[in-house]
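S.K.: Structure in structure tokens, see below.
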């Protein structure tokens, strides 16, 4: 009966997770005009009242109260902002909880060991959501770094044509090349609210962790204090940045074989284990039900993590 009860509990939690995930699902952030008019039409009040009574909104409010008790909410909000994800920290944490529930239910069905499946599912769900967020942050920062030389070249050309720095940055925003356009639009909005332009650009450099933009902001400050040709300084900065990018691409191409080998070595145990779980669950069940199997599983996980960190250290080349 205990197995049946555990199965029923996980099926109920799985249904709740799917319901909450469906309620939190959003569009791509660019709704059409008809949808916007419909949203603020005569039925808006009723729709909002109905939405406020959903299970998802209640769960989000509960998670938000939990996150506000510490510093987690602010740190997660910063990471979501850097990743360009338009979600509240409570919504992201709730989605992570739903992922943990789904993984725990699937592992329970495959292994038949509920305690181990819950522990592994929670760890895997938390780590997966963290890796997804880190990947989005790294990809957005890399895209910003690739766009920055073109942006600075456009700013330098606009300055040589007689535009001011604010007008030159506004031209960058009108190009709508994301994420650079969005970040510089945010800096211009802060400048219009009274923040110094160099301070606002420093904020962009901090969010994108761009050392090149920090040096450019330093050049802007020096030019404002002592004068000089800012367009020429930015043009020389662009040349240096492009030479560094060329060297970085060369190093990346030379280390491609090592990175591919590391990816294969890390993924192979996981893929083989998953395949055996699907094809021969009875053969793999002692690994999750016996003390010796659990010890072997923990040791393998620790060795896999240590090997992944060591290979990452080996193949990482700082330029």
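S.K.: Only one of 307, 273, 228, 295 is out of contact with any helix residue (DSSP H, G or I) (no Cβ under 8 Å at 6 or more places or on another chain), more than 23 Å from residue 146 (Cβ to Cβ) and outside the structural domain of residue 79 (by TED's automatic domain parsing); which? So that I can check it myself, show each step before the final result.
M.R.: Working: 307 fails: out of contact with any helix residue (DSSP H, G or I) (no Cβ under 8 Å at 6 or more places or on another chain); 273 fails: out of contact with any helix residue (DSSP H, G or I) (no Cβ under 8 Å at 6 or more places or on another chain); 228 fails: out of contact with any helix residue (DSSP H, G or I) (no Cβ under 8 Å at 6 or more places or on another chain).
After applying the criteria, what remains is 295.
S.K.: Count, please, the residues in the range 189-210 that happen to be within 20 Å of residue 84 (Cβ to Cβ) and out of contact with any helix residue (DSSP H, G or I) (no Cβ under 8 Å at 6 or more places or on another chain).
M.R.: The qualifying residues number 2.
S.K.: Here is a further query. One residue is enough: does the range 121-130 have a residue meeting the conditions within 24 Å of the chain's Cα centre (by Cα), surrounded by 19 or more Cβ atoms within 10 Å (Cβ to Cβ) and in a helix (DSSP H, G or I)?
M.R.: Yes, that holds for at least one residue.
S.K.: Of the residues that make up the range 131-143, is at least one without any contact (Cβ under 8 Å) to a residue 24 or more places away in the chain and crowded, with 17+ Cβ neighbours inside 10 Å?
M.R.: So far as the range 131-143 goes, no, none of its residues is without any contact (Cβ under 8 Å) to a residue 24 or more places away in the chain and crowded, with 17+ Cβ neighbours inside 10 Å.
S.K.: Moving on. Quick check, is residue 151 at pLDDT below 90, closer than 17 Å to residue 217 by Cα and surrounded by fewer than 19 Cβ atoms within 10 Å (Cβ to Cβ)?
M.R.: Against the criterion (at pLDDT below 90, closer than 17 Å to residue 217 by Cα and surrounded by fewer than 19 Cβ atoms within 10 Å (Cβ to Cβ)), residue 151 does not qualify.
S.K.: In the list 287, 247, 278, 254, which residue meets the criterion of being closer than 18 Å to residue 311 by Cβ and out of contact with any strand residue (DSSP E or B) (no Cβ under 9 Å at 6 or more places or on another chain)?
M.R.: 254
S.K.: Would you mind stating whether residue 194 is at positive phi, outside the structural domain of residue 75 (by TED's automatic domain parsing) and out of contact with any strand residue (DSSP E or B) (no Cβ under 6 Å at 6 or more places or on another chain)?
M.R.: Judged against the criteria, residue 194 is a match.
S.K.: Take the conditions at pLDDT 85 or above, exposed (fewer than 14 other Cβ atoms within 10 Å of the Cβ), on the phi < 0 side of the Ramachandran plot and assigned to a helix (DSSP H, G or I) and apply them to residue 213. Does it pass?
M.R.: no
S.K.: Scan the range 146-159 residue by residue and report those that are free of Cβ contacts under 8 Å to residues at least 60 places away in the same chain and either farther than 16 Å from residue 236 by Cβ or not in a helix (DSSP H, G or I) (or both).
M.R.: Across the range 146-159, the qualifying residues are 147, 158.
S.K.: Could you grab the pairs with beta carbons closer than 8 Å, sequence gap of 6+ or different chains, first residue in the range 298-309 and without any contact (Cβ under 8 Å) to a residue 60 or more places away in the chain, second one not in a helix (DSSP H, G or I)?
M.R.: Partner pairs satisfying both residue conditions: none exist.
S.K.: Restricting to the range 160-199, and then to whatever is assigned to a helix (DSSP H, G or I), closer than 20 Å to residue 224 by Cβ and free of Cβ contacts under 8 Å to residues at least 12 places away in the same chain, can you tell me which residue is farthest from the chain's Cα centre (by Cα)?
M.R.: So, considering only residues that are assigned to a helix (DSSP H, G or I), closer than 20 Å to residue 224 by Cβ and free of Cβ contacts under 8 Å to residues at least 12 places away in the same chain, the one farthest from the chain's Cα centre (by Cα) is 167.
S.K.: Does residue 143 satisfy being more than 24 Å from the chain's Cα centre (by Cα) and in a helix (DSSP H, G or I)? Give the derivation first.
M.R.: Numbers: more than 24 Å from the chain's Cα centre (by Cα): no; in a helix (DSSP H, G or I): yes.
No.
S.K.: Mind listing just one residue for me: the one in the range 285-308 that is surrounded by 14 or more Cβ atoms within 10 Å (Cβ to Cβ) and within 34 Å of the chain's Cα centre (by Cα) and, of those, nearest to residue 115 (Cα to Cα)?
M.R.: For the range 285-308, the residue satisfying everything is 288.
S.K.: For the structure I just gave you, tell me whether residue 109 is over 13 Å from the mean Cα position of the chain (by Cα), at pLDDT below 80 and in a helix (DSSP H, G or I).
M.R.: For residue 109, the condition - over 13 Å from the mean Cα position of the chain (by Cα), at pLDDT below 80 and in a helix (DSSP H, G or I) - is met.
S.K.: So, residue 186, is that one surrounded by 16 or more Cβ atoms within 10 Å (Cβ to Cβ) and either at pLDDT 85 or above or in contact with a helix residue (DSSP H, G or I) (Cβ under 8 Å, 6 or more places away or on another chain) (or both) or not?
M.R.: Against the criterion (surrounded by 16 or more Cβ atoms within 10 Å (Cβ to Cβ) and either at pLDDT 85 or above or in contact with a helix residue (DSSP H, G or I) (Cβ under 8 Å, 6 or more places away or on another chain) (or both)), residue 186 qualifies.
S.K.: While we're looking at this one, here's another question. If you check residue 247 against the conditions, is it more than 26 Å from the chain's Cα centre (by Cα), touching a residue at least 24 places away in the same chain (Cβ under 8 Å) and loosely packed, with under 13 Cβ neighbours inside 10 Å?
M.R.: For residue 247, the condition - more than 26 Å from the chain's Cα centre (by Cα), touching a residue at least 24 places away in the same chain (Cβ under 8 Å) and loosely packed, with under 13 Cβ neighbours inside 10 Å - is met.
The values are calculated or read from the model by the stated rules, or taken from the named source; none is laboratory data. Only a predicted model underlies this, so the values are computations on that prediction, with no experimental measurement involved. Please note: Cβ atoms are built from the backbone with ideal geometry, for glycine as well, and neighbour counts cover all protein chains shown.
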